[in-house]
Structures are given as C-alpha cells and as structure tokens.
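The values are calculated or read from the model by the stated rules, or taken from the named source; none is laboratory data. Keep in mind the model is a prediction, meaning the values are calculated, not measured. A quick note on method: Cβ atoms are made from the backbone with ideal geometry, for glycine too, and the neighbour counts reach across all protein chains shown. Heavy atoms of the whole protein, side chains included, go into the accessibility calculation; ligands, DNA and RNA do not. Shrake-Rupley method; radii C 1.70, N 1.55, O 1.52, S 1.80 Å.
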Amino acid sequence: MANPLMEKNPDRSVRPFVFINSAMSADGKIATIKRRQTRISGSLDFDRMDELRATSDAIMVGIGTVLSDNPSLTVKLKERKERRLSIGYEENPVRIVVDSMARTPIDADIFKKGEGKRIIAVCENAPEENIQELSKLADIICTGKRRVDLTKLLIELKNRGIKKLMVEGGATLNWGLICDGLVDEINTFIGNMILGGKSAPTLVDGEGFVSDFCKLSLISCERLEEGVLIIWKVQQ
C-alpha cells in the first residue's frame with residue numbers, strides 16, 4: 001500500500017475536510033494593489049463568516065495574510081462562543097499560520113486576542129531562534145525542507161483531532177492547497193466593486209495551471225446584499 005504522506009491528494013480519511021472562504025471583487029481581486037484587505041462584503045456576509053468560524057475545528061491562513069492584515073481569526077458573536085463552550089470546545093477554533101520561515105510577529109493579534117490554541121507550521125529551514133520565540137506562544141509543526149509540506153501538515157492536523165478546516169487565505173496558500181488537491185469546497189462572496197491592478201492578489205495566485213485544471217461543480221449560487229455568494233465543490 002502506498003504511503004499517504006508521499007501522495008498528492010491523500011484520501012479524505014487521513015486529512016480534514018478543507019474549505020476556502022473568501023470575499024473578492026467583481027474582477028476577482030481579494031485585496032488592493034498594496035495587498036491590503038478592503039471591505040468587500042457587508043454585515044450579512046460577515047455574520048455568515050462568523051458562523052463558519054464557529055462551526056469549524058480550525059482556521060488557517062498564510063503568513064502573508066498575517067503580515068498584511070494582522071487578523072485575530074476569532075469568533076465574534078458572544079452567543080456563538082458560548083455555544084462552542086457548552087459542547088466542550090474552546091471559544092475559538094484552533095488558529096493556524098502556514099509560515100515556512102517562522103516570520104510571524106510575536107505581537108500579532110492572533111496571539112493577543114481571544115482564547116484558544118495556536119499552531120505555527122514551519123519548514124526545516126526556518127531560523128531556530130524564530131522557532132524558539134514562537135514556541136512560547138504556539139505549538140510548532142515542522143514539515144517540509146524549504147516550504148511547509150501542506151499534505152503532511154493536514155495529515156498531522158487530522159491526527160490532532162481537526163476534522164473541519166476553514167481556510168481564509170491568502171492567494172498563495174490557496175494555490176498551494178488547490179495545487180496539491182487538498183481542497184474540498186470553495187465559498188466565494190463576489191462584491192459589487194472593481195479593484196483592478198495587475199499586481200493585486202486574486203483568489204488564487206501561484207504558478208498557475210497549464211493543463212489538468214482544477215474543475216469545480218456548482219453547489220449553490222444566491223444573492224446576498226449587493227453581491228453574490230457562490231459555493232463550489234472541488235472535483236477530485
């Protein structure tokens with residue numbers, strides 16, 4: 001039997017259910033040309049996102065998102081936190097940063113705001129002094145030589161009890177997960193604005209596919225305030 005750690009797109013039984021949630025402009029941008037997040041969706045979509053966080057075991061972002069937006073990745077609504085606590089969970093999902101070279105600032109909001117576990121995923125080449133500092137604030141998972149091996153990371157997360165993983169970007173992490181066949185579903189809110197800019201990040205950046213494109217099946221499409229919420233299933 002093949003070793004699932006060495007395969008792309010490992011069997012779902014050895015990794016969490018993974019879904020990407022993102023808001024983007026009508027021209028497919030998730031941030032401005034300065035790579036700064038701007039408010040694309042309204043209060044209804046923010047509430048939808050908060051419910052997704054509250055019903056997930058973990059939330060994952062890339063280091064680029066931490067450095068540009070400094071998110072806390074916490075559940076906002078008090079009632080949702082209380083609901084999690086009432087069924088034996090911590091008030092916030094596990095918060096995970098994919099950070100190959102251990103560049104997460106020790107004063108980042110992910111460490112300062114909200115109760116709950118944090119995980120920093122690094123690669124073997126990450127500076128040891130950075131890892132030592134971050135290990136005081138979070139669990140460290142080291143996998144991959146020059147960058148985090150996302151397949152091995154997801155298998156380790158499943159071994160730690162994470163069954164449902166919400167990914168909030170950014171574009172480089174989204175590409176890595178999709179390229180490795182590790183995404184099951186994509187939720188995209190498309191807002192009523194144009195951001196433009198050839199250097200502005202899109203939902204998925206990276207090298208891009210030349211052939212064997214990632215195909216999607218439509219689950220649902222609905223109007224939400226002045227935008228559209230589309231949910232896709234990723235064809236495996």
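Some observations on this one:
One line per residue, one yes/no per condition, for (1) within 17 Å of the chain's Cα centre (by Cα); (2) closer than 16 Å to D109 by Cβ; (3) not acidic (D, E):
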{"position": "F17", "(1), (2), (3)": "yes, no, yes"}
{"position": "A23", "(1), (2), (3)": "yes, no, yes"}
{"position": "I30", "(1), (2), (3)": "yes, no, yes"}
{"position": "R35", "(1), (2), (3)": "yes, no, yes"}
{"position": "F46", "(1), (2), (3)": "yes, no, yes"}
{"position": "E51", "(1), (2), (3)": "yes, no, no"}
{"position": "A54", "(1), (2), (3)": "yes, no, yes"}
{"position": "V66", "(1), (2), (3)": "yes, yes, yes"}
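- Every residue from the stretch 206-231 that is part of a strand (DSSP E or B), surrounded by 10 or more Cβ atoms within 10 Å (Cβ to Cβ) and among the hydrophobic types (A, V, I, L, M, F, W, C): L216, I219, C221, L224, V228, L229, I230, I231
- Qualifying residues in the stretch 163-178 (those that are open to solvent by 10 Å² or more (accessible area, probe 1.4 Å) and in a loop (DSSP other than H, G, I, E, B)) - the one farthest from D69 (Cα to Cα): K163
- Residue selected from the stretch 84-102 under the condition farther than 30 Å from R146 by Cα, in a loop (DSSP other than H, G, I, E, B) and of a type outside the set (V, I, T), by the criterion least open to solvent (accessible area, probe 1.4 Å): N92
- Which numbered condition P105 misses (of (1) more than 15 Å from the chain's Cα centre (by Cα); (2) part of a helix (DSSP H, G or I)): (2)
- Of the set (1) surrounded by 20 or more Cβ atoms within 10 Å (Cβ to Cβ); (2) under 28 Å from V210 (Cα atoms); (3) of a type outside the set (D, E, K, R), all apply to G181 but (1).
- A Cβ distance below 9 Å, combined with a sequence gap of six or more or placement on separate chains, defines the contacts here; from the stretch 1-20, residues that are among the small types (G, A, S) reach residues that are modelled with pLDDT of 95 or more and in a helix (DSSP H, G or I) in the pairs S13/K158.
- Residue pairs whose Cβ atoms lie under 9 Å apart, separated by 6 or more positions or on different chains, with the first residue in the stretch 143-166 and touching a residue at least 24 places away in the same chain (Cβ under 8 Å) and under 15 Å from S100 (Cα atoms) and the second among the small types (G, A, S) and assigned to a loop (DSSP other than H, G, I, E, B), are G144/S100; R146/S100; R147/S100; V148/S100; L150/G144; T151/G181; K152/G144; L153/G144.
- Extreme residue, farthest from E115 (Cα to Cα), among residues of the stretch 64-83 that are of a type in the set (A, V, I, L, M, F, W, C) and open to solvent by 50 Å² or more (accessible area, probe 1.4 Å): L67
- Condition met for R147 (under 18 Å from L177 (Cα atoms) and either open to solvent by less than 40 Å² (accessible area, probe 1.4 Å) or modelled with pLDDT under 95 (or both)): no
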